[in-house]
């Protein structure tokens, strides 16, 4: 039987996204997954791979605002993959009333 695993995700005060894994009576050192994230969702497949999607609100060269995907690998986490880009996710647009 496979040992149960638990991974926790959280945002710091700057909306940087982190994760850590339960290890015995404690936790692993937190790993930064995104420089900034407004929202995220995670799912686990039958092999135990974690699949993470998050919204990046910052627009930078090589890393535009948009929806990103990462997954766990044998060596940690995959590099962020841009799934959808939109200036709608940038802060001025998120502040506008609907």
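Since every read-out is calculated from the coordinates, none of them should be taken as a lab result. Here the structure is a predicted model, which is why all the values come from computation and not from measurement. Cβ sites come from the backbone with ideal geometry, for glycine too, and all protein chains shown count toward neighbours.
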Worksheet entry | Relative contact order of the chain, defined on C-alpha pairs under 8 angstrom at six or more residues apart (%) | 16 percent
Worksheet, complete the sentence: Stokes-Einstein D for the chain (10 °C, 1.306 mPa s, Kirkwood Rh from Cα pairs), in µm²/s, comes to 109 µm²/s
Discussion item. Starting from the 7 Å offset along Cα-to-Cβ, what nm value, one decimal, do you get for the label separation of residue 73 and residue 45?
Written reply: 1.4 nm
